[in-house]
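Heads up: the structure comes next, in structure tokens.
The values are calculated or read from the model by the stated rules, or taken from the named source; none is laboratory data. Just so it is clear, the model here is predicted, and its values are computed rather than measured. Cβ sites come from the backbone with ideal geometry, for glycine too, and all protein chains shown count toward neighbours.
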Amino acid sequence: MPSIIKAFELIGMAKVSSSAQEAKKLGYLKLSDGITMNRDRLLYDAKIKAIELSNNFIPPKKSTYMLPGATAILALKLAINNMRSNGQISEHDQYIGEKIAFVLSGGITDITNELSEDDILKLEKNAIYELIQNNLTLERLEYILETGKYLRN
């Protein structure tokens, strides 16, 4: 649950990092990931890293996950409902939060079932399809694309 809650907070609050070091603290980057401070070296450093990674490349093993399902959904919905009751989020924020909670929890499953990355990606894809069918979501997306700022509707 702690990792699900952390991911939920990062996604739900649209947390971005202001630096590479902060990105490492948030878990967006691995501690071992390199950092290029000089913008003029970005492309060169990226090419060198890509070449290094391609030597002796072995595809990563497919991971499986055991997620709590309904237990996590209920816990996250409780937090979402509290935020809504306190006026911290809108009704549409609540709707989006519940979709995020469903995906992060593994959907209709329990801790004894293994889920593949493909299973989780399917949950995510379905949630995105449902969100896109809502006009409030489309308004948010258009606003972000036009202004670069977040719309609370």
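Determine if segment 11-19 includes at least one residue that is out of contact with any helix residue (DSSP H, G or I) (no Cβ under 8 Å at 6 or more places or on another chain), assigned to a loop (DSSP other than H, G, I, E, B), at pLDDT 90 or above and not assigned by TED's automatic domain parsing to the domain that holds GLU114. Yes, the conditions are met somewhere in segment 11-19. Restricting attention to segment 8-26, the residues being over 25 Å from GLN94 (Cβ atoms) and not basic (Lys, Arg) number 7. Quick check, is LEU115 closer than 26 Å to ALA14 by Cα, in the same structural domain as LEU151 (by TED's automatic domain parsing) and touching a strand residue (DSSP E or B) at 6+ places or on another chain (Cβ under 8 Å)? Criteria met by LEU115. When you look at GLU52, is it closer than 30 Å to LEU151 by Cβ and modelled with pLDDT of 90 or more, yes or no? No, not satisfied. Residues that are closer than 25 Å to ILE4 by Cβ and out of contact with any Phe, Trp or Tyr (no Cβ under 9 Å at 6 or more places or on another chain) number at least 3 in the following helices (runs of 4 or more DSSP H) confined to segment 49-153: 70-85, 91-105, 117-132. Surrounded by 15 or more Cβ atoms within 10 Å (Cβ to Cβ) and without any contact (Cβ under 8 Å) to a residue 12 or more places away in the chain - does that describe any residue in segment 140-150? Within segment 140-150, one or more residues are surrounded by 15 or more Cβ atoms within 10 Å (Cβ to Cβ) and without any contact (Cβ under 8 Å) to a residue 12 or more places away in the chain.
In the set GLY106, GLY87, GLY148, only one residue is on the phi > 0 side of the Ramachandran plot and at pLDDT 95 or above; that residue is GLY106. Listed by first and then second residue, the pairs with beta-carbon distance under 8 Å, at least 6 apart or on different chains, first residue in segment 51-72 and on the phi > 0 side of the Ramachandran plot, second of a type outside the set (Phe, Trp, Tyr), are GLY69/SER105; GLY69/GLY106; GLY69/GLY107; GLY69/ILE108; GLY69/THR109; GLY69/ASP110; GLY69/ILE111; GLY69/ASN113.
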